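Report on the following structure.
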Amino acid sequence: ITFQGEVFEMEDQRNWSDASFKTYCRPLSLPIPYRLSAGEIRRQEIQVRIAGTPTGKAASATARPAGRLELQPSADSVPQIAVAIDDGAIPDHAAQTYARVMNPRILQLRVTPETAPRVCQCASKLVFPHPAEIELEVIVPATGDPELSIAGVAAECKRASLAVTRVLALPESYLRSYQPAGPWPAGPAPQDLLEHARRSFPGTEIGSGVLTYFTELNRCRPAAAMCDYIGHGVTAITHAADDRSVIESLEGLSHIYRSAGALAGERDYRLGLVAIGMRSNPYGSGVMDNSLQNRIAMAEADPRQRGLFAAAWAVGAVAATEGHKVSSLALSALVGPFGAIHRREAWAQSGYQESGAGMVYPIFHVLRFLSAMGGAPRLLMRPAGNGIAGVASQDHSGIRLIVANLGTDVAHVRLPHDAEIRSLNADNFQSAIHDPQWLDTGEADHGSDVELTPLGVAFVRMAV
């Protein structure tokens, strides 16, 4: 590939979880705007030369031979699963009941001093069979005393009788993106809030990082030596929102996990919300309105959140943590644009709004299954091919395995042992979204062969 006529530069878009590199001109380092004289001609040329002989036609079969799944012990654990709660995604009584069925291990609360009373009171009502850890993401206003702001949030947690496990505080101005050379915003930097957080939350793990995405973490490196863990979030639709690009973003995640783990060093590495949609937009004035529910970049409410797509993508996001030091991540909220439990919204939700309340999205069952696996010894899953991604664990109760078909063809997987298998696909979609207990009540197959249609998810239990 040859570029001529201008100075081009390349951007590694894996920083945004894209599985791509972008080449463009002019370089961002050159001043803009720049002057072109009347009548001046600029020519740019890109030459691409391809050599070699094709090896044969691509396979066109709709189903491929079974790939044998190999599971091997490791020294790692499956990440703990969190659910996100903020002032715009507070569950009602019915959703709280379903949340107890899901039983997440971490409640990740995003608050400001103003929203902390409502969010903390909501969390206090979510009593799970195994009490969830409380993890705070505190947005500190640009005006006012930051120490008083954090202390006010701590007081609201105490008032709601919440025992906080972790706190990551961030100045509000750092929800925006800045170039490494600046200029940076006036006022306290993220590391300046660490001591305030320690004083207000004694004995609590204190995090450093961002409440946006890896790019911002990489540009504003966390104070790893001064904190207990680092964190950031993930969105799959910064640049492109077509289905293929979103699936390919899972390739980018493993690179992000490795790079952020290196920044964390000996510290813990915990992720905020890892989702298809964009929770906040560091690169513009806000997220894109998507009331028509199209597939568009930088949208908060993505239509795939309600379907098999988000369920399969979430499996892929956790599968990508294999070999990396991710301790926990939030794959969803309880309700709202990133929710796992249906509620009426300002945008259309075909297939849900006609039936009213009392339904869950397919990702609900993925969260429930992965929550039960969280913290258990992880089994390495040797690739089965055919677009299969999965996560496996083993404890005293046996082996749990969740696999998703991220490819475009029907895939077959051969398990190492006979197992109880529940497959979530288009055939049983309706029964699954109407029954939060579907993992217990849904019809199960028994055997060692799993057939997965595209975006299908299989929940597997095997005896040791």
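Do we find that LEU136 is open to solvent by less than 30 Å² (accessible area, probe 1.4 Å) and either at negative phi or of a type in the set (Gly, Ala, Ser) (or both) in this structure?
So LEU136 fits the description; yes.
Mind checking which residues of the stretch 220-238 are more than 19 Å from ARG166 (Cα to Cα) and at pLDDT 95 or above?
Hits for the stretch 220-238 are VAL234, THR235, ALA236, ILE237, THR238.
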>> Take the conditions free of Cβ contacts under 8 Å to residues at least 12 places away in the same chain and either β-branched (Val, Ile, Thr) or in contact with an Asp or Glu (Cβ under 9 Å, 6 or more places away or on another chain) (or both) and apply them to THR441. Does it pass?
In response: yes
> Quick one: in the stretch 258-287, which of the residues that are part of a helix (DSSP H, G or I) and of a type in the set (Gly, Ala, Ser) is surrounded by the fewest Cβ atoms within 10 Å (Cβ to Cβ)?
Replying inline: ALA262
>> Checking GLY182 against (1) modelled with pLDDT of 95 or more; (2) open to solvent by less than 70 Å² (accessible area, probe 1.4 Å), only one condition comes out false. Which one?
In response: (1)
>> I'm told GLU147 meets every condition in (1) touching a Lys or Arg at 6+ places or on another chain (Cβ under 9 Å); (2) closer than 20 Å to LEU331 by Cα except one. Can you identify the failing condition by its number?
In response: (2)
> Are any residues in the stretch 327-361 touching a helix residue (DSSP H, G or I) at 6+ places or on another chain (Cβ under 8 Å), open to solvent by 10 Å² or more (accessible area, probe 1.4 Å) and within 28 Å of ILE388 (Cβ to Cβ), and if so, which ones?
Replying inline: PHE338, GLY351
> Of the conditions (1) at negative phi; (2) open to solvent by less than 10 Å² (accessible area, probe 1.4 Å), GLY209 fails just one. Which one is it?
Replying inline: (1)
> What is the one condition in (1) touching a strand residue (DSSP E or B) at 6+ places or on another chain (Cβ under 8 Å); (2) over 25 Å from ILE106 (Cβ atoms) that TRP347 does not satisfy?
Replying inline: (1)
> Do you know which of the residues in the stretch 153-174 that are under 11 Å from ILE139 (Cα atoms) and either free of Cβ contacts under 8 Å to residues at least 40 places away in the same chain or assigned to a helix (DSSP H, G or I) (or both) is most open to solvent (accessible area, probe 1.4 Å)?
Replying inline: GLU172
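Of the residues LEU455, LEU439, which is among the aliphatic types (A, V, I, L, M), outside any strand (DSSP E or B), more than 23 Å from ARG105 (Cβ to Cβ) and modelled with pLDDT of 95 or more?
Only one candidate qualifies: LEU455.
Just checking, how many residues over the stretch 220-230 are open to solvent by less than 30 Å² (accessible area, probe 1.4 Å) and not in a strand (DSSP E or B)?
Counting residues in the stretch 220-230 that are open to solvent by less than 30 Å² (accessible area, probe 1.4 Å) and not in a strand (DSSP E or B) gives 5.
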> Is there any pair linking a residue in the stretch 4-30 that is more than 21 Å from PRO282 (Cα to Cα) and in a loop (DSSP other than H, G, I, E, B) to one that is open to solvent by 40 Å² or more (accessible area, probe 1.4 Å) and of a type in the set (S, T, N, Q), with Cβ under 8 Å and at least six apart or on different chains, and which?
Replying inline: GLY5/GLN44; GLU6/GLN44; PHE8/THR23; CYS25/GLN44
>> Among the residues of the stretch 134-157, are any charged (D, E, K, R) and modelled with pLDDT under 95?
In response: no
>> Given the criteria within 14 Å of the chain's Cα centre (by Cα) and open to solvent by less than 30 Å² (accessible area, probe 1.4 Å), does GLY233 qualify?
In response: yes
> Among (1) under 14 Å from PRO79 (Cα atoms); (2) assigned to a strand (DSSP E or B), where does SER332 come up short?
Replying inline: (1)
> If you go through the stretch 311-325, how many residues are open to solvent by 10 Å² or more (accessible area, probe 1.4 Å) and not in a helix (DSSP H, G or I)?
Replying inline: 5
> Looking at the stretch 288-310, is at least one residue over 18 Å from the mean Cα position of the chain (by Cα), acidic (Asp, Glu) and not in a loop (DSSP other than H, G, I, E, B)?
Replying inline: no
>> For the stretch 243-252, check the following and say yes or no: at least one residue is in contact with a Pro (Cβ under 9 Å, 6 or more places away or on another chain) and part of a helix (DSSP H, G or I).
In response: no
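Taking the stated definitions as given, is ILE134 touching a residue at least 60 places away in the same chain (Cβ under 8 Å), under 20 Å from THR115 (Cβ atoms), touching a Ser or Thr at 6+ places or on another chain (Cβ under 9 Å) and outside any loop (DSSP other than H, G, I, E, B)?
In short, no.
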> Filter the stretch 432-454 for residues that are closer than 20 Å to ILE341 by Cβ and surrounded by 16 or more Cβ atoms within 10 Å (Cβ to Cβ); which is farthest from the chain's Cα centre (by Cα)?
Replying inline: GLY442
> Taking only pairs six or more apart or across chains, which ones have beta-carbon atoms under 7 Å, a first residue in the stretch 249-267 that is on the phi < 0 side of the Ramachandran plot and free of Cβ contacts under 8 Å to residues at least 60 places away in the same chain, and a second residue that is crowded, with 20+ Cβ neighbours inside 10 Å and part of a loop (DSSP other than H, G, I, E, B)?
Replying inline: LEU263/PRO222; ARG267/CYS227
> Which of the residues spanning the stretch 98-128 are open to solvent by 60 Å² or more (accessible area, probe 1.4 Å) and not in a loop (DSSP other than H, G, I, E, B)?
Replying inline: ARG100, ARG118, GLN121
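The values are calculated or read from the model by the stated rules, or taken from the named source; none is laboratory data. The shown structure was predicted, so the numbers you read here are calculated from the model rather than taken from an experiment. Reconstructed Cβ throughout: ideal geometry from the backbone, glycine too, with neighbour counts over all protein chains shown. Just so you know, the surface numbers come from the protein's heavy atoms only, side chains and all, with ligands and any DNA or RNA stripped out. Shrake-Rupley method; radii C 1.70, N 1.55, O 1.52, S 1.80 Å.
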